[in-house]
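This report refers to the structure that appears directly beneath it.
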Amino acid sequence: MAAASGKRVGVIGAGIVGVCAAAYLQRDGHSVFVVDPNTPGEGASFGNAGAFNASSVTPVSAPGIIRKVPGWLRDPLGPLSLRWRYLPSILPYLWRFVRAGSEEKVHAQARALRPLVGATLSALQPLVKDAGAEHLVHQRGHLYVYRSAESLAKDGLAWALRRENGVAVDEFDADELRQLEPTLSREYVRGLLVGENGHTSNPFGLVSALVEQFVRNGGVVIRAAALGFRIDGGRLTAIRTDAGELGADAAVVAAGAWSKPLAATLGDRVPLETERGYHLMIRDPEVMPNIPTADGDGKFVATPMDTGLRFAGTVELAGLEAPPDWRRARILLEQGRRMLPGLAREHAEERLSLWMGHRPATPDSLPVIGPSRATRDVVYAFGHGHVGMTSAPMSGRVVADLVAGRPPAIDISPFAASRF
Ligand SMILES: Cc1cc2nc3c(=O)[nH]c(=O)nc-3n(C[C@H](O)[C@H](O)[C@H](O)COP(=O)(O)OP(=O)(O)OC[C@H]3O[C@@H](n4cnc5c(N)ncnc54)[C@H](O)[C@@H]3O)c2cc1C
């Protein structure tokens, strides 16, 4: 890509979103630095299920969700848990969340998401190629499995949304499923495979490889926490950090679940929450599916990773500060053993690893991408929720478009911070 205006651009946050943005900005000829108080890639981007699911157009809130929630909360193996002490803090968010789930709104949200997620592998590919990390990205599809026709029917809206947005699906009955993925439990009677989906076999390794390439290309990583911005006459002059001011002509807020206070300094009040999620990994598992597989009832994913078998999922509402509840991760092991009966009944602790991370969530499942209220020099790219790996590459492209003053590659009007 031709060198554009050659600005000095600071990217706040070195997760997958910030790193993809930094790489695309660099391709435009800008001088780019990334600011993060932690090791790049150790936020939510570290331990997710690794799916680059072009088909992920399904918002979390949907019609009737309010009737499902009590059952989920009562079920200790269920996909949702809430720390009751956190309820008063999260009530306004939940109210918006439920309202975002009307029939009409979810169809509009899915339409808005498809160009962002649909381009995931094509927008990721040039970055991965440049970084020599093609061995970390695979396209084997994503398999969704169900134990009964009824449980598949409960996901009817999700499949309708995928299909009406052009997602091609192959359906398998119990016998075909067994041939496709012999490691799966015979309890599963239906399988749906989305062939256009991909995954990474090492999310942290992928972010690290992209960061290393960014540095090789002249980028700088600065260990500091951004606190706010210096703006003179409507133009950004610096990012304020706990290590002093960093001069910048443009900035990108990509601090994941921690972006809310930064946007607030610019007058944008975004109802950003953390949907905490967990993973449990088994090193040297007895069996491993070849295709990343989502259990339609339990709402968790089993992904074959370079370092073992990863079960990831569940949503816990408890804020950014509460310590992890590792029982949530252990539940994934119980469910995973049911999904893959070839796994041992017991595993030595040293073969298991547990992780908790913060999905940056908005009530309408759409990210916040676009200029800030205070100045066009600060661009937002956060709030990618359950699909941040998937939507990061196209978000990065769009950020570069906005900083260069080009029309964005896709319609970003549904992602404006001002919608709240
Ligand atoms: C269990 C689980 C499974 C998931 N599975 C998938 C999946 O299969 N596919 C998918 O697409 N998505 C998945 N996701 C979601 C995905 O992981 C996230 O949406 C994505 O990683 C968010 O990326 P990010 O760059 O916005 O945030 P993060 O990766 O969290 O990065 C934010 C960075 O900002 C830094 N930061 C914070 N505050 C500041 C500050 N003040 N100044 C500077 N830096 C700061 C942090 O240190 C961090 O490094 C999953 C999430 C979870 C929890």
Flag for G101 being away from the ligand (no atom under 16 Å from the Cβ) and surrounded by 19 or more Cβ atoms within 10 Å (Cβ to Cβ): yes
Single condition E181 does not satisfy, out of (1) more than 30 Å from A374 (Cα to Cα); (2) among the charged types (D, E, K, R); (3) open to solvent by 10 Å² or more (accessible area, probe 1.4 Å): (3)
Of all residues in region 262-298 being within 20 Å of S201 (Cα to Cα) and either hydroxyl-bearing (S, T, Y) or within 11 Å of the ligand (Cβ to nearest atom) (or both), the one that is nearest to the chain's Cα centre (by Cα): G277
Flag if P37 is modelled with pLDDT of 95 or more, farther than 19 Å from N217 by Cα and open to solvent by 50 Å² or more (accessible area, probe 1.4 Å): yes
Residue list for region 339-391, filter: assigned to a loop (DSSP other than H, G, I, E, B), of a type in the set (A, V, I, L, M, F, W, C) and touching a Ser or Thr at 6+ places or on another chain (Cβ under 7 Å): L340
Any hit, region 192-202, residues being out of contact with any Cys (no Cβ under 6 Å at 6 or more places or on another chain), open to solvent by 40 Å² or more (accessible area, probe 1.4 Å), within 28 Å of P341 (Cα to Cα) and outside any loop (DSSP other than H, G, I, E, B): no
Residue ID - surrounded by the most Cβ atoms within 10 Å (Cβ to Cβ), chosen from residues in region 230-275 that are outside any strand (DSSP E or B) and acidic (D, E): D268
Flag if V189 is open to solvent by less than 20 Å² (accessible area, probe 1.4 Å), touching a residue at least 40 places away in the same chain (Cβ under 8 Å) and in contact with an Asp or Glu (Cβ under 8 Å, 6 or more places away or on another chain): no
Test: residue in region 38-55 that is touching a His at 6+ places or on another chain (Cβ under 6 Å) and in a helix (DSSP H, G or I): yes
Single condition A243 does not satisfy, out of (1) within 11 Å of the ligand (Cβ to nearest atom); (2) in contact with a helix residue (DSSP H, G or I) (Cβ under 6 Å, 6 or more places away or on another chain): (2)
Residues of region 133-169 that turn out to be open to solvent by less than 30 Å² (accessible area, probe 1.4 Å), closer than 27 Å to P393 by Cα and assigned to a helix (DSSP H, G or I), as a count: 5
Cβ-Cβ under 9 Å pairs, at least 6 apart or on other chains, region 289-309 side without any contact (Cβ under 8 Å) to a residue 60 or more places away in the chain, far side part of a strand (DSSP E or B) and small (G, A, S): A302/A294; A302/A312; G308/S353; L309/A302
Some residue of region 114-132 being in a strand (DSSP E or B) and touching a helix residue (DSSP H, G or I) at 6+ places or on another chain (Cβ under 7 Å): no
Residue count, region 381-420 (criterion: open to solvent by 10 Å² or more (accessible area, probe 1.4 Å) and polar (S, T, N, Q)): 2
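The values are calculated or read from the model by the stated rules, or taken from the named source; none is laboratory data. Computed from a predicted model, the values in this text were never measured in an experiment. Ideal geometry is used to build each Cβ from the backbone, glycine not excepted, and the neighbour counts take in all protein chains shown. All accessible areas refer to the heavy atoms of the entire protein, side chains included, with ligands and DNA or RNA removed. Shrake-Rupley method; radii C 1.70, N 1.55, O 1.52, S 1.80 Å.
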